[in-house]
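Worksheet: the structure to be examined is printed underneath.
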Amino acid sequence: MLGWFIAFISIIILFIIFFGLLVVFKLLGPKEYYKEKYDLYECGYPRLSELAHFNIRFYIIAIMFTLFDIEAVFMYPWAVDFKGLGILGVIEMGLFVVMVFIGWIYAYKKGALEWE
């Protein structure tokens, strides 16, 4: 019973600290909007519009890069312990490579790799 009491007191203290910090930040934080602060984006060039619209192909290429990067990360330990894994390791890596290759073919058929 003492453990539940300590947990309950800890949660109450957590909420007091959380809401106390919210009040302190609201009181001490900036009250005005400074256009100069938000005028330049991180590269230093002025923004062309309020919202930057990117082509979906940027994201698809990034996802595919991540996919093949993860494939390389999985293949390195497999190559290091190739003899220790035996035939089951070869079969598992073969299935993994086939699945990644099927994903690559699917992306190619959908036109994700074509740049306009």
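Read the figures in this text as sums done on the coordinates, not as results from a lab. Fair warning: this is a prediction, and the values are worked out from it, not measured in the lab. Ideal geometry is used to build each Cβ from the backbone, glycine not excepted, and the neighbour counts take in all protein chains shown.
Can you give the net charge of the other residues whose Cβ lies under 14 Å from the Cβ of VAL98, counting K and R as +1 and D and E as -1? Value of the local net charge: -2. Extension gain, TYR33-ILE11: 0.36 nm per intervening residue step, less the Cα-Cα distance, totals 4.4 nm.
A simple rule links phi to the HN-Hα coupling: the Karplus curve 6.51 cos²θ - 1.76 cosθ + 1.60 with θ = phi - 60°, which for region 80-85 gives 5, 10, 4, 6, x, 7 Hz, with x for Gly and Pro.
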